[in-house]
Amino acid sequence: MAVNGSVKKIRMSDLDRFFSALSLTQKVYLPVEKAGQYDYAPWEPGVSYDPEELHTVKSAKGLFFPQSEDLIKYRREGLSLAIGPVAPEDEEFVVFGVRACDVKGFEVLDRVFLTDPVDTYYKARRDHGTVISVMCPKPEETCFCGTFGIEAEAPGGDVQCFITGEDMLMEALTEKGEALLESVSGVGNTNGDGALLPAADETDLKAAEEVKEAHREIMKKLPLAGLTTEGFGKDADLLTLFDRPEWKELSATCLGCGTCTFVCPTCQCYDIREYDTGRDIRRFRVWDSCMYSDFTMMAHGSPRPEQFQRFRQRFMHKLKYYPDNYEGAFSCVGCGRCLKKCPSSLNIAKVMKKLGGADND
Amino acid sequence: MRRIGVFVCWCGSNIAATVDVAAVVADAKVQPGVVFAQDYQYMCSEAGQNIIKDAIKEHQLTGIVVCSCSPRMHEATFRKAAAAAGLNPYMVEIANVREHCSWIHKDKEAGTEKARVLMRAAVAKVMLNVPLKAGESRVVKRALVIGGGIAGIQTALDIADAGFQVDIVEKNATIGGRMAQLDKTFPTLDCSSCILTPKMVEAKASENIRLITYAEVEEVGGFVGDFKVKIRKKARFVKEDVCTGCGLCMAKCPSKKGLNEFNMGLNNRPAIYIPFAQAIPNVAVIDKTQCIKLNTGKCGLCEKVCTAKAIDYTMQDEFIEEEYGAIVMATGFRPIDASKFDEYSYSTCKDVVTSLELERIMNAAGPTGGVLLRPSDGKHPHSVVFVQCVGSRDVSGRGKPYCSKICCMYTAKHAMLIRDKYPDVDVHVFYIDVRTPGKNFDEFYRRAAEQYDVDYIKGQVGKVWEEDGHLVVRGVDLISNEQVILNADMVVLATAIEPDPTARKVANMLTASIDTNDFITEAHPKLRPVESPTAGIFLSGVCQGPKDIPETVSQAGAAASKVIGLLCKDKLTTNPCVARSDELLCNGCSCCEKVCPYGAISYDTHLINDHGVKETRRVALVNEALCQGCGACTVVCPSGAMDLKGFSNKQIMAEVEAICL
Amino acid sequence: MQAVSKKVLDRARELMRDGTVSRVAGWKAGEFFYDCEPALFETEESLKDLVYNRFCAANLSKFLITNDIASVADRGRTLVLLKPCDTYSFNQLLTEHRLSRDNVYILGVGCEGMCDVDRIRALGIKGITGVDESEDGKKLTVRTLYGDGEIDVDGVLVNKCETCKGKAHKIFDELISDNEEEGPRGDRFECVRELESMAPAERFAFWQKELSKCIRCNACRNACPACSCRKCVFDNNASGIASKANTDSFEEKLFHIIRAFHVAGRCTDCGECSRVCPQGIPLHLFNRKYIKDINEFYGEFAAGEEAGQRGPLISFEAGDREPNSVSDKGGD
Amino acid sequence: MPVNENVNADNGSAAEAQATETKQWKPRIVAFCCNWCSYAGADLAGSSRLSYPAEIKIIRVPCSCRVNPTFILKAFERGADGVIICGCHPGDCHYSTGNYYARRRMALLFSMLDYIGVERGRTRVEWVSAAEGARFSQVMNDFAKKISELGENVKVGDLRCRQ
């Protein structure tokens, strides 16, 4: 971390003030507890940031790629149709508290949605959103971002943050991030004895380095620390992997629900549906799951009629098809949500161990 | 692509006065799918129908909506008009803008708005209509009557008279039923067997009637017009076509301990017996529980004395399989068991008898030769007490909650007959109410009370017990509000009647529904009293509810006319708005089968090909001839596999949506 | 629990060896100690991975039909391990002709209550790597990346186990259980009464909050042994109510109400819906409401108590209560 | 199919939109009536000129047992303020048992709606025979009054397309 004017610090107790100041001009989304579960929700007075919570149930991807969003609206009249567009998002917003894995998840989505043909709805949200990441506190036994080369100690985004005891350091990484921090530079702190975001000094940076070092030590001890991508990716043989007999056993107890897909920060499949009142219609897209029996259903039936085929599709996509399409990048970020949430305790780590390199056993 | 036409009727001023017909037409023109809309003074008139027919042809309409009076009035008219123009008649929907709109609203704005919504809903529905075709099924020209009492006999006679074949299945060895056991009938006091016997003989003689006695229905399959029935003909050990009914065997039979069922067990009969003198067929039967030969292998006396060589100890049950177009239930009744009413001491005192037992005692062919004698000592009684409503109108759970209907009248009859024949006998009747609706009934009762001095006491009997060789009856007189204690030589219990216990089993086989008292449910209590809700099943006599002989006979005739009406047809047209099961969605869970009141749903296990995924599994099948289209199955089906044609889930939801727009 | 566990593993091996069964449906150890997954063991050798411990909450009844194990006769019999509560689901599936009894050999396994790792996490314990059960089965020692600690088993039971219906198996070929006679635990309708006693606005707020978390992953439905439709109406575009995602708040309510209604009278209260919900929505509160209503309106009825029962929604009495009178709790 | 592009559907008909704005809230009430008793009862109410509010719209079904709870929820989702189901009196069902099943289904559905906090008064079951035209009218008047008192259904509607 370079010592320059771009690293600021804020008292943890002043975070509310920070959100409040930002909220004057835009919505600030952060992990908020609701009936026992954390998910991203807009900040409002009374909502506070919980630095202890590692992951929201759903990742932050929904802020850029909502679970459902209207595409067009139309109305039937006699035998004709009157079509009206739905404008893409045009308001600025901030996402606060994103972890390293989820930030990498945005990159996975970017490759899909921002390359030609560009998804205008996604792009509008990406253009208008500013990402503030916070380095994770205590990683869980389900974490394995290291497997995909993610450095949890450099979470990224437009601004990345580190908690050093009473303070949080904020480092702007992009112009957008810099501008955001600049936008609140005139705000004073709660005590009234200085700025809300003073520049960080050497001591602060040293403290941050210590926090990171401690974090690295924990990361090494994680049960899945040794999990590798060996046997997958661009260089693996597609058909060999596809035809592996273990897929059936691996998927035998898959219920075909969409839990893994919907909590995943990188799954990007969607279906297009209509809300049809008989006269007015909204055409919208919704997240879809390749685990669903009606995924890519066509008139002749499903191209993947059996659950094991759909299960294989999901992991082949993450570990083989996506890397083939995007220069070797994997579309898993090791956040571990699927490890925690699958009702049948199936997950990508089991797949990688079973089908991957010898080191994984 | 759907091309819908909307026709808005003025009904003179009936609709047009409160609905802006032109506005409805204008709105109709912009509804999704609508290509044509027009109004007219009287759509149901020939000119109006021609407008519809012409528009169907000219605009290639695929469906039409008529905004008019209730579909209960003219749906059929407009369906016919559509069919005449080459459109499937089920592509017609009616928006009821008269009864449900113009006639009840005074404000024209509100009426017009509502008419628009009703039109919109009908358009939304017709967009999803599919052409339906009424199916056809054959009619087997033969009827089955289950039960050979007066109800069954009369039904069979009437059906036979119309020229149709009819089989009577009777579980006992003879037809005749309960009526054969009765002595005299109220209110005319003519002799029961004198009026019954000719009917029995006629049934036997009819070329169109086949009597299958000592037999029971074993299995029923099929549906209206085409039932398949398996009948078990129990072994009677006497060849029916050989026996002459001479009765010699009865005299020689050494086993004489069997209780005489015909005489309500008041005396005994031999193991081989003819139930009663006028039995039809007049053929002996061996009671295998009593026969020494069948139980020990020794004896064989009857075989030796039978000159006709009719005895066959090796006889086995036989099965008859037959097809029928219609089935009539005439399973009748029995008196309930009086022994569960301890207070009347029926099971401990021989001189406490039931009314049906009294019938036998009073009957010349009965155990006492028609002389009123006390069963305990054969002495002449001097005082008889009748107790009414034994087990009838009883909500305590021991008896029946309903009124057995016939008891008031037969008790008046018994009382009158006793007083007439034995003026020295005191007769008392304890009653809750005396119910005498019916032609000459009340006059009859009053004759008993007034002319014959029968002592009617309004009140119930609390206890009957034996003391010093006679009975003591303790009751209450509600009019004087005093306890009454009477000495009696005999006590007669007017026991409630209940459906014959075989009725439940038979009804289950026929999928005829049964009420909580085991009476068979009629299709409609007022309008279809002789039909079961299950098509092709008809009801005759007491199996449907308590009734006396004239009522039974008229119902028997009514059931027969319904059967004849059915058998006259060569083909049955089935309502096409019936349930339909999508085998790709069916789970085979049987929920639909269980709620179907018509037994229209069955199951089949076969190979299902779901877009290339093949699997052998159990799925529901709807018999369209049986299904009446109620839709009960569609709601219990969680997967939505079961849907109702003409009222499909999507159609109804489209109506809901259109109304809520 | 450990004693039962040992016997179960040995017996499964024996039954496979002597040819009584040709495969075993049980649980196998997962990635971590707590994520035991349902599994099918086709060889005696593979049985080394079979486990039966505090974290085998998954109900194997649904697993039997999703894999068509019990409908395919020519593959020989399958041994299935069923906990007491799982047997209700099995019976219900038998009632609905979804299983062939002859194809299954049921080993009823005793249960002392299953643990829920999410409830351990909810205590603030992070980075859990292992757990040890005390001799008496009352305590758990939890090992984590950040140190060890001891917790009460009772505090981390799976929701359904907190109000266990009783330890008796309703159907089995053979039993390995030492607490068969233990009755129900707690009052499973207390939670329903609590909601019922709230003001309508509070109830609405409660459900609004809970159901707005729903992500329509369908885990509740797909795990539910009563939701055994081959194709759900919500997946069927022709049904008129197909929907895929949380497009609006009421759609979620509609989904959950219809789901509760479809399983009313068939739900055995196995608790899988709440157990698998990634958002921790107390979905069992819907089903228990219906069980409670059915008991109150139409007499006690426990779906799956025995095979072949006629459920309350496919039955009626002439004197049934009128719908307008079902609630006097207000709402107006 | 002719398609008019770039027409804002919400302003498809300017006059209509304007009318909507000035319009007061009027309840939307859906009545499911069985063909044999209640629908005929409604016809009788009509031929006897016994009025009830125009907000009530009747959907004809063969039997009350045809009414799937889904229809009722669908109506609420689409903005209905009240739903009433009418059938033959218990014991008089044309199909002998249909209304008995309907009665159980509706009892459970209503109980659930109450449980999630939806106003109980928005749903009702009434048994009306073909001879009870006067009663039909009275029942509908009562129900409409109740719904007017309860006001607009805001809890369970999905008004994405509502103008």
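The values are calculated or read from the model by the stated rules, or taken from the named source; none is laboratory data. Small disclaimer: the values here were computed from a predicted structure and weren't measured. Heads up, the Cβs are rebuilt from the backbone with ideal geometry, glycines too, and the neighbour counts pull from every protein chain shown.
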### Query
Can you name every residue in segment B:482-495 that is surrounded by fewer than 16 Cβ atoms within 10 Å (Cβ to Cβ) and touching a residue at least 12 places away in the same chain (Cβ under 8 Å)?
B:I485, B:N487
### Candidates B:L211, B:L189, filtered to the one that is over 25 Å from B:A326 (Cα atoms) and either aliphatic (A, V, I, L, M) or touching a His at 6+ places or on another chain (Cβ under 8 Å) (or both)
B:L189
### Qualifying residue in segment A:64-81 (condition: assigned to a loop (DSSP other than H, G, I, E, B), over 29 Å from C:C214 (Cβ atoms) and either more than 14 Å from chain B (Cβ to nearest Cβ) or at pLDDT 95 or above (or both))
no
### Task
May I ask you to list the residues in segment C:295-329 that are at the interface with chain D (Cβ under 9 Å from one of its Cβ atoms), touching a residue at least 12 places away in the same chain (Cβ under 8 Å) and either in a helix (DSSP H, G or I) or in contact with a Lys or Arg (Cβ under 7 Å, 6 or more places away or on another chain) (or both)?
C:F297, C:Y298, C:P312, C:L313, C:I314, C:D320
### Task
Kindly provide the set of residues from segment C:6-36 that are surrounded by fewer than 22 Cβ atoms within 10 Å (Cβ to Cβ) and in a strand (DSSP E or B), ordered by number.
C:R23, C:K28
### Task
Taking the residues in segment A:296-319 that are away from chain B (no Cβ under 14 Å) and among the aromatic types (F, W, Y) as candidates, determine which candidate is surrounded by the fewest Cβ atoms within 10 Å (Cβ to Cβ).
A:F311
## Note on the structure
When segment B:118-133 is checked residue by residue, the ones that are more than 10 Å from chain A (Cβ to nearest Cβ), in contact with an Asp or Glu (Cβ under 8 Å, 6 or more places away or on another chain) and either buried (at least 24 other Cβ atoms within 10 Å of the Cβ) or without any contact (Cβ under 8 Å) to a residue 24 or more places away in the chain (or both) are B:M119, B:A122, B:K125, B:V126
### Task
Check off (1) within 12 Å of another protein chain (Cβ to nearest Cβ); (2) touching a helix residue (DSSP H, G or I) at 6+ places or on another chain (Cβ under 6 Å) for B:V613 and give me the number that stays unchecked.
(2)
### Query
Restricting attention to segment B:351-371, does a residue exist that is among the basic types (K, R), modelled with pLDDT of 95 or more and surrounded by fewer than 23 Cβ atoms within 10 Å (Cβ to Cβ)?
no
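Residues checked against (1) β-branched (V, I, T); (2) more than 24 Å from B:L539 (Cα to Cα):
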| site | (1), (2) |
| --- | --- |
| B:K562 | no, no |
| B:T616 | yes, yes |
| B:A625 | no, no |
| B:G631 | no, yes |
| B:F647 | no, yes |
### Of all residues making up segment B:144-177, the number that are surrounded by fewer than 24 Cβ atoms within 10 Å (Cβ to Cβ) and assigned to a strand (DSSP E or B)
2
### Message
Could you list, ordered by first residue, the pairs with Cβ atoms under 8 Å in which the first is in segment D:72-91 and charged (D, E, K, R) and the second is in a strand (DSSP E or B), at least 6 apart or interchain?
### Response
D:D81/D:I29
### Message
Looking only at residues that are at the interface with another protein chain (Cβ under 7 Å from one of its Cβ atoms) and not in a helix (DSSP H, G or I) in segment C:208-231, which one is surrounded by the fewest Cβ atoms within 10 Å (Cβ to Cβ)?
### Response
C:R230
### Task
Please give the strands (runs of 3 or more DSSP E) falling wholly within segment B:379-481 in which 1 or more residues are in contact with a Lys or Arg (Cβ under 9 Å, 6 or more places away or on another chain) and in contact (Cβ under 8 Å) with a residue 60 or more places away in the chain.
B:461-467, B:470-477
### Query
Taking segment B:538-551, which residues are β-branched (V, I, T) and either surrounded by 24 or more Cβ atoms within 10 Å (Cβ to Cβ) or in a loop (DSSP other than H, G, I, E, B) (or both)?
B:V542
### Task
Looking at (1) away from chain A (no Cβ under 14 Å); (2) part of a loop (DSSP other than H, G, I, E, B), find the lone condition where C:F286 falls short.
(2)
### Query
Going by the conditions given, is B:I175 farther than 29 Å from B:P367 by Cβ and either assigned by TED's automatic domain parsing to the domain that holds B:M416 or not polar (S, T, N, Q) (or both)?
no
### Summary
Within segment A:185-219, of all residues that are aliphatic (A, V, I, L, M) and assigned to a strand (DSSP E or B), the one nearest to A:L169 (Cα to Cα) is A:A199
### Query
Does segment A:18-38 hold any residues that are of a type outside the set (A, V, I, L, M, F, W, C), in contact (Cβ under 8 Å) with a residue 24 or more places away in the chain and touching a strand residue (DSSP E or B) at 6+ places or on another chain (Cβ under 8 Å), and which are they?
A:Q26, A:K27, A:Y29, A:P31
#### Entry: Residue list for segment D:37-55, filter: more than 8 Å from every other protein chain (Cβ to nearest Cβ) and buried (at least 24 other Cβ atoms within 10 Å of the Cβ)
D:C37, D:S38, D:G41
### Query
Looking at B:A81, B:A76, B:A85, which is the one that is in the same structural domain as B:A16 (by TED's automatic domain parsing) and surrounded by 22 or more Cβ atoms within 10 Å (Cβ to Cβ)?
B:A81
### Task
Could you look through segment C:132-162, keep only residues that are within 12 Å of chain A (Cβ to nearest Cβ) and of a type in the set (V, I, T), and pick out the one that is farthest from C:L283 (Cα to Cα)?
C:T144
### Query
Which of the following residues is farther than 23 Å from B:L510 by Cα and either more than 10 Å from every other protein chain (Cβ to nearest Cβ) or not in a strand (DSSP E or B) (or both): B:L621, B:L626, B:L607, B:L572?
B:L607
### Query
Out of all the residues in segment B:496-533, which are within 9 Å of another protein chain (Cβ to nearest Cβ) and in contact (Cβ under 8 Å) with a residue 60 or more places away in the chain?
B:S513, B:S532, B:P533
### Query
Applying the selection to segment D:56-92, what residues are part of a loop (DSSP other than H, G, I, E, B) and within 8 Å of chain B (Cβ to nearest Cβ)?
D:P62, D:C63, D:V67, D:N68, D:R78, D:G79, D:A80, D:G91, D:D92
### Message
Which residue is surrounded by the fewest Cβ atoms within 10 Å (Cβ to Cβ), if the candidates are limited to segment B:326-350 and must be touching a helix residue (DSSP H, G or I) at 6+ places or on another chain (Cβ under 9 Å) and among the aromatic types (F, W, Y)?
### Response
B:Y346
### Task
Find the residue count for segment A:117-157, including only residues that are part of a helix (DSSP H, G or I) and not small (G, A, S).
11
### Task
Hey, can you tell me all the residues within segment D:22-31 that are more than 8 Å from chain B (Cβ to nearest Cβ) and either among the aromatic types (F, W, Y) or buried (at least 24 other Cβ atoms within 10 Å of the Cβ) (or both)?
D:W25, D:I29, D:A31
